[in-house]
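Undergrad: Could you have a look at this structure, given as structure tokens, before my questions?
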Amino acid sequence: MTTHTLGVVMNGVTGRMGYRQHLVRSILAIREQGGVALADGSRVVLEPVLVGRDADKLRAMADRHGIAAWTTNLDTALADPANTIYFDAQVTTAREKAIHAAIAAGKHIYTEKPTAETLSGALDLARAADAAGVKHGVVQDKLFLPGLLKLRRLIQGGFFGRILSIRGEFGYWVFEGDWQAAQRPSWNYRAEDGGGIVVDMFCHWSYVLENLFGRVEAVTAKAVTHIPTRWDEQGREYPATADDAAYGIFELAGGVVAQINSSWAVRVNRDELVEFQVDGTEGSAVAGLRRCRVQHRSATPTPVWNPDLPVTESFRDQWQEIPDNAGDSGFDNGFKVQWEDFVRHVVADAPFAFDFLAGARGVQLAECGLRSSAEGRRIELPVLDGKSA
């Protein structure tokens with residue numbers, strides 16, 4: 001069996017998402033399985049090169065996982081011709097400059113989102129990458145969740161008939177940090193550091209809605225800061241200058257309407273941390289991270305409104321569970337699956353739809369959502385396609 005070794009510069013993997021999902025559950029898991037399998041039977045073995053600002057953290061991480069290479073100097077990692085891919089999981093404010101440097105070094109780019117702080121910056125990255133002839137991709141992990149894969153299966157099978165609407169609920173309570181440690185880093189709640197739930201989550205809703213239901217044509221949003229004071233990792237009190245909740249209405253191509261609430265100041269009373277209810281003329285579904293339940297038109301009970309009597313039946317018990325049907329091994333980690341797809345794109349020119357322009361559309365939706373909230377009105381989104389970049 002033929003194997004190829006490909007160096008991957010990983011910048012920002014000392015952070016929670018970069019470490020858990022991208023390094024451990026993706027790159028190291030791919031290394032453990034013997035590499036990425038290609039159509040011709042060969043395999044691509046990935047060699048991570050860790051990059052960050054804290055030498056002690058990088059050294060400890062490399063020792064823990066048997067990684068040979070790490071550095072605090074990004075230029076050094078980019079200068080090595082053995083390193084083919086650059087990956088960025090830094091804070092948003094540092095991402096654009098680093099990606100431009102990687103493009104200039106001729107590396108193929110795979111990055112977390114948002115790709116830049118502004119739409120103009122995101123489009124500049126797309127133009128620069130295309131001009132340099134490097135391949136580029138953006139993490140769009142929610143599409144690879146088991147629940148949404150089942151939902152896609154229902155859509156492709158025509159289960160819903162004509163889709164009418166989507167209602168999404170995402171979020172959980174993030175502790176303020178005074179009497180109990182916060183589950184998210186403090187920069188998430190400082191606008192000056194690139195924080196805010198609109199910037200974070202509207203990039204996700206952009207690709208989820210676009211790839212499953214249709215392009216977002218207009219948005220009406222309200223972004224708020226429910227918790228004005230928080231405490232950072234050192235226990236210091238600070239003002240929360242970024243939005244921690246957003247309530248959005250998204251108008252999609254074809255007339256579908258999506259309503260999605262996103263909040264880090266909500267206590268969970270649902271089966272999963274994110275759920276989407278899709279209603280159509282022929283049936284409805286509720287999809288989460290892993291589960292997906294349906295109710296077909298032919299099996300829809302007749303609800304009776306009577307506030308004078310207690311409810312005698314469980315509405316949730318009237319729904320049918322969709323099976324995994326994903327083989328003996330079940331669904332693989334979504335981040336890992338998309339990493340494998342991008343590696344095949346780089347090495348074997350396999351198709352990869354989620355490029356920098358797709359990332360720019362996520363930044364566009366976040367910008368328009370914040371503008372809608374600030375101006376108190378509906379904002380239409382201009383079409384971003386290949387000509388836009």
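The values are calculated or read from the model by the stated rules, or taken from the named source; none is laboratory data. None of the values given here were measured: they were computed from a predicted structure. Note that each Cβ is placed from the backbone with ideal geometry, even for glycine, and that neighbours are counted across all protein chains shown.
Undergrad: Being under 19 Å from the mean Cα position of the chain (by Cα) and either in a helix (DSSP H, G or I) or in contact (Cβ under 8 Å) with a residue 24 or more places away in the chain (or both), is that true of even one residue in region 230-241?
TA: Looking for residues that are under 19 Å from the mean Cα position of the chain (by Cα) and either in a helix (DSSP H, G or I) or in contact (Cβ under 8 Å) with a residue 24 or more places away in the chain (or both), one finds none in region 230-241, hence no.
Undergrad: When the residues of region 21-38 are narrowed to those that are of a type in the set (Val, Ile, Thr) and part of a helix (DSSP H, G or I), which ends up surrounded by the fewest Cβ atoms within 10 Å (Cβ to Cβ)?
TA: 24
Undergrad: I'm trying to understand the selection: among the residues of region 273-315, which are over 18 Å from residue 163 (Cβ atoms), touching a Leu at 6+ places or on another chain (Cβ under 8 Å) and either surrounded by fewer than 17 Cβ atoms within 10 Å (Cβ to Cβ) or not assigned by TED's automatic domain parsing to the domain that holds residue 176 (or both)?
TA: Once the filter is applied, which keeps residues that are over 18 Å from residue 163 (Cβ atoms), touching a Leu at 6+ places or on another chain (Cβ under 8 Å) and either surrounded by fewer than 17 Cβ atoms within 10 Å (Cβ to Cβ) or not assigned by TED's automatic domain parsing to the domain that holds residue 176 (or both), region 273-315 yields 273, 289, 290.
Undergrad: Between residues in region 343-356 that are buried (at least 20 other Cβ atoms within 10 Å of the Cβ) and residues that are aliphatic (A, V, I, L, M), which pairs lie under 6 Å by C-beta distance while being six or more apart or on different chains?
TA: 343/36; 343/44; 354/138; 356/125; 356/126; 356/129
Undergrad: Anything in region 1-21 that is hydroxyl-bearing (Ser, Thr, Tyr) and more than 22 Å from residue 34 (Cβ to Cβ)? List them, or say none.
TA: Once the filter is applied, which keeps residues that are hydroxyl-bearing (Ser, Thr, Tyr) and more than 22 Å from residue 34 (Cβ to Cβ), region 1-21 yields 14, 19.
Undergrad: Still on this model: Kindly provide the set of residues from region 1-20 that are surrounded by fewer than 17 Cβ atoms within 10 Å (Cβ to Cβ) and assigned to a strand (DSSP E or B), ordered by number.
TA: 3, 4, 5
Undergrad: Then there is this: Is it true that some residue in region 194-216 is in contact (Cβ under 8 Å) with a residue 60 or more places away in the chain, surrounded by fewer than 18 Cβ atoms within 10 Å (Cβ to Cβ) and either of a type in the set (Asp, Glu) or not assigned by TED's automatic domain parsing to the domain that holds residue 264 (or both)?
TA: No: region 194-216 contains no residue that is in contact (Cβ under 8 Å) with a residue 60 or more places away in the chain, surrounded by fewer than 18 Cβ atoms within 10 Å (Cβ to Cβ) and either of a type in the set (Asp, Glu) or not assigned by TED's automatic domain parsing to the domain that holds residue 264 (or both).
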